[in-house]
Amino acid sequence: MTRLRLIVTLSLAALAACSPADAADADHPVVVELFQSQGCSSCPPANANLNAIAGRPDVLALSFSVTYWDRLGWKDTFAHPRFTQRQWDYAKAGGRGNVSTPQMIVNGRGVLIGHRPDEVAAFIRRFDRGTSGPTVAYGNGRIRVGAMKAAKPATVWLVRYDSRTHNVPIRAGENGGRTLPHKNIVRALDRLGRWTGAPASFALPASPDPAWRGAVIVQQGSGGPIIAARRI
C-alpha cells in the first residue's frame with residue numbers, strides 16, 4: 001500500500017469512527033446530503049467519504065444522484081430529476097446561481113465539496129443542530145411533528161434510501177472502466193406536508209420496496225436549514 005493510500009484509508013477510518021459526541025445523538029442525527037453522479041470523475045472521493053459515515057447512528061448520510069451528467073456518456077443508474085431539483089432548491093436558497101458535483105450539504109446549512117475527510121468531520125461538528133427543533137415521532141402508520149415556536153414554515157419530507165452497498169460497474173463516460181460502491185442511495189423523496197409550529201400529523205405511505213429504509217426531514221422552505229430529522 002502506498003503512503004497516499006494509507007493516509008486516505010486512515011482518514012476514512014477516523015471519519016467513520018468519530019464518536020457521537022462529535023455530532024448529534026442518534027435521536028437528532030446530522031443530515032449529510034451528497035449530490036453526485038456516476039459520470040463525474042471528481043465524485044468518487046466524496047462518495048467514499050459518504051460511504052465511510054453511512055453507518056454512523058448520529059449521522060443521516062444520504063446519496064442523491066443527479067441527472068445533469070447523464071447526457072455526457074453515462075446515465076447514472078440511480079439519478080432522478082427530483083434529486084437534481086433538490087440541489088437547485090439549495091442553490092436558490094443559498095443565493096448560488098449554479099450547481100456542480102460533488103457537493104455535500106450538512107443540515108441544510110454547510111456547503112462543501114466533500115472530498116476531504118477532515119473537512120467533512122469539521123462540518124458535521126460545526127453544523128450540528130444539537131437537540132433543538134420539534135420532536136418527530138412515528139407510530140401506527142403516521143408521522144407526528146410536535147409543537148414549538150417556528151421561525152418559518154417548514155416542509156416535512158419522507159426519504160426512502162437503500163443502505164446496502166451496491167457496486168456499480170461504469171461502462172462509459174469519465175469513470176468508464178471503474179466499479180464504484182454506493183451506500184445510502186436515495187431512491188425516493190416525497191413531500192408529506194407543511195409544518196408551521198402547531199402539532200401536525202401525516203400519513204406514512206407504504207414503501208415501494210421493503211428493503212429500503214426511511215427517514216423524515218423537517219426543513220425550512222424547500223432548501224433552507226434542516227430543523228429536525230429522524231430515521232423511521
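A few remarks follow.
- ³J(HN,Hα) computed for each position of segment 81-91 - Karplus, 6.51 cos²θ - 1.76 cosθ + 1.60, integer Hz, glycine/proline x: x, 5, 6, 4, 4, 4, 5, 5, 4, 5, 4
- Taking a sphere under 10 Å around the Cβ of R231 and counting the other residues whose Cβ falls inside, with K and R at +1 and D and E at -1, yields a net charge of +1.
- Restricting attention to segment 3-231, close to 80% of DSSP beta bridges with both partner residues there are antiparallel.
- Relative contact order of segment 77-232, taken over Cα pairs closer than 8 Å and 6 or more residues apart, is 28 percent.
- Rounded to the nearest 10 degrees, the angle from helix 43-53 to the longest Cα principal axis of the chain is 50 degrees.
- Cα-based helix-to-principal-axis angle, 3-17 vs the chain, degrees rounded to 10: 10 degrees
- For segment 61-77, the Karplus equation 6.51 cos²θ - 1.76 cosθ + 1.60, evaluated at θ = phi - 60°, returns couplings of 8, 10, 9, 9, 8, 9, 9, 6, 8, 4, 7, 10, x, 8, 8, 4, 6 Hz by residue, with Gly and Pro reported as x.
- Summed residue charge, Cβ within 11 Å of V111's Cβ, Lys/Arg positive, Asp/Glu negative: +1
- Nearest 10 degrees, 0 to 90: helix 117-126 Cα axis against the chain principal axis: 10 degrees
- With only the Cα atoms considered, the chain has a convex hull volume of 118 Å³ per residue.
- Within the chain, helix-based [θ] at 222 nm, where runs of 4 or more DSSP H residues each add -39,500 (n - 2.57), nearest 500: -6500 deg cm²/dmol
No lab work stands behind these numbers, since they all come straight from the coordinates. This one's a predicted model, so the numbers in the text were calculated from it and none came from an experiment. With ideal geometry, Cβ positions are generated from the backbone for all residues, glycine too; neighbour counts draw on all protein chains shown.
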